[in-house]
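Below: the structure, in structure tokens.
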Amino acid sequence: MRGNPASSQTSAAVVLREDAGKTIIEAHGDWTVDTIGRVDDAIRQVETSIEPDKIVLDLSHLGRVDTSGAYLLGRATRRCGVPDGDFHFLGSHPTARRLIEEVRRRTQVCPPDAPRGLGFYGALARIGAGLEAAAREAIETIGFFGQTVTTGLHTLVRPSRFRMTATVWAMEEVGVNAMPIIAVLSFFIGAVVAYMGANLLADLGFAIFSVELIGISVLREFGVLITAIMLAGRSDSAFTASIGAMKMQQEIDAMRVLGLDPFEVLVLPRVVACVLMAPLLTFAAMITGIFGGMLVAWTAQDISPAVFVARIHSELDWSHFWVGMSKAPVFGLVVAIVGCRQGMKVAGDVESLGRRVTASVVQSIFIVIVIEALFAMMYLELGI
């Protein structure tokens, strides 16, 4: 019968003695993750009560040691200005000292978090930190956009480097697979706008003007805005998650080793797909939104589909349609840039991936709303 490997280990023990004003820590037995629990309190007491430059580690009686044991031994002298100096060690061991030094270099003891400030000054400090973080995010996003544009220009010069297969796949994910949910949501948005017209305009005797209300609101604003928000919530999070997972598994580093540019392979196809598919999705959202409003106008206001369509053609200018369509590529570009950038910023842990996915969706929706307001002011000044 094979015995338990842990049972053959000698329990860790520590002996403290004083010699010439120095506190010598004699390490006995095996210092491994299974045995060091009983000596942690003794090491911690020495670490907190004795000056670090007066601590000496005696390795003469030390048995086996792993990284956890090396960390515990090295912790006693970590606060010293020269933690790896020869005066800290007695005796010899084949691996202990080298392992202690290696573990110390690869670990970092973080100081406790500073207490949060209270009152007026604490609030100002938090506001300032938030504004600084927002400015840094904006600068980094603009830099990422510039690098994407540069990659796109290089690809135009060398079209053979363009990833057509990846772009078509991204167009299917962004456009074809997102079409049903965007169409359904836009249908109900148009129905809600029609119900608002039925309740407000009918009381004034202008029920027929609900046709213009539905057409203008869906064509200019709601169609493209719903499309952008759904892209941010659906496709943007998918971009961040997929690129972030590749970053966690070091696949992006492997691409660079192979001489591949991650912007050409991962970012540019997704950006092109979003820019191309956003207008098509917006067009579908406009059609379904107007259709939903037409059904409600027919059932709630007794406006027949023929009258509804005829009034749309006679009273609504084509400029409303082109205003909405002009926003779609911009929103698609914003969604793709933010999603890919957050994916590239993912660190090596799952918690970072979750934070980046959340930040991707929130930032995309925020930027879309801000740009929507800027478009509204611009078209208002232009009289369109």
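Checking the structure you have, find out if any residue of region 197-215 is within 21 Å of Leu280 (Cα to Cα) and not β-branched (Val, Ile, Thr).
At the first step, the residues of region 197-215 found to be within 21 Å of Leu280 (Cα to Cα) are 214-215.
After this cut, where a residue has to be not β-branched (Val, Ile, Thr) as well, the list is 215.
So far as region 197-215 goes, yes, one or more of its residues are within 21 Å of Leu280 (Cα to Cα) and not β-branched (Val, Ile, Thr).
Identify, please: which residue in region 163-206 is assigned to a helix (DSSP H, G or I) and among the polar types (S, T, N, Q) and is, among those, nearest to Leu333 (Cα to Cα)? Top of the filtered list is Thr167. Just checking, which of Gly63, Gly29, Gly69 is open to solvent by less than 70 Å² (accessible area, probe 1.4 Å), at positive phi and touching a strand residue (DSSP E or B) at 6+ places or on another chain (Cβ under 6 Å)? Of Gly63, Gly29, Gly69, the one residue that is open to solvent by less than 70 Å² (accessible area, probe 1.4 Å), at positive phi and touching a strand residue (DSSP E or B) at 6+ places or on another chain (Cβ under 6 Å) is Gly29.
Scanning region 48-84 for residues that are in a loop (DSSP other than H, G, I, E, B) and either touching a residue at least 60 places away in the same chain (Cβ under 8 Å) or within 43 Å of the chain's Cα centre (by Cα) (or both) returns Asp66, Ala76, Thr77, Arg78, Arg79, Cys80, Gly81, Val82, Pro83, Asp84. Only one entry in Thr299, Thr288 is of a type in the set (S, T, N, Q) and surrounded by 16 or more Cβ atoms within 10 Å (Cβ to Cβ), namely Thr288.
Starting from residues that are of a type in the set (A, V, I, L, M) and part of a helix (DSSP H, G or I), keep the ones in region 251-264 and report whichever is surrounded by the most Cβ atoms within 10 Å (Cβ to Cβ).
Taking region 251-264 first, the residues of a type in the set (A, V, I, L, M) are 252, 254-255, 257-258, 260.
After this cut, where a residue has to be part of a helix (DSSP H, G or I) as well, the list is 252, 254-255, 257.
Details: Ile252: 20, Ala254: 11, Met255: 16, Val257: 9.
My answer is Ile252.
Of everything listed in (1) free of Cβ contacts under 8 Å to residues at least 60 places away in the same chain; (2) of a type in the set (Ser, Thr, Tyr); (3) open to solvent by 20 Å² or more (accessible area, probe 1.4 Å), the single unmet condition for Thr282 is (3).
Those residues that are surrounded by 24 or more Cβ atoms within 10 Å (Cβ to Cβ) and either at pLDDT below 90 or over 22 Å from Ile367 (Cβ atoms) (or both), I need them from region 233-250; list them, please.
Kept after step one, since they are surrounded by 24 or more Cβ atoms within 10 Å (Cβ to Cβ), are these residues of region 233-250: 235-236, 239-240, 243-244.
Passing the criteria: Ser235, Asp236.
Applying a threshold of 6 Å to beta carbon distances and a minimum spacing of six or more residues, or different chains, the list of pairs starting in region 125-138 at a residue that is closer than 19 Å to Val334 by Cα and ending at one that is assigned to a helix (DSSP H, G or I) and β-branched (Val, Ile, Thr) is empty. Scanning region 302-336 for residues that are touching a Cys at 6+ places or on another chain (Cβ under 9 Å) and open to solvent by less than 10 Å² (accessible area, probe 1.4 Å) yields Phe331, Gly332, Val335, Ala336. Among residues of region 96-124 that are at pLDDT below 80, those with a Cβ under 7 angstrom from a residue that is surrounded by 12 or more Cβ atoms within 10 Å (Cβ to Cβ) and aliphatic (A, V, I, L, M), sequence gap 6+ or separate chain, pair up as Gly117/Ala125. Looking across Ile181, Ile189, Ile229, one residue alone is at pLDDT 90 or above, open to solvent by 60 Å² or more (accessible area, probe 1.4 Å) and of a type in the set (Val, Ile, Thr). It is Ile181.
The values are calculated or read from the model by the stated rules, or taken from the named source; none is laboratory data. If you're wondering where the values come from, they're calculated on a predicted model, not measured in any experiment. As a convention, Cβ positions derive from the backbone with ideal geometry for all residues, glycine included, and neighbour counts pool all protein chains shown. Accessible surface is based on the protein model in full, side chains and every heavy atom, while ligands, DNA and RNA are left aside. Shrake-Rupley method; radii C 1.70, N 1.55, O 1.52, S 1.80 Å.
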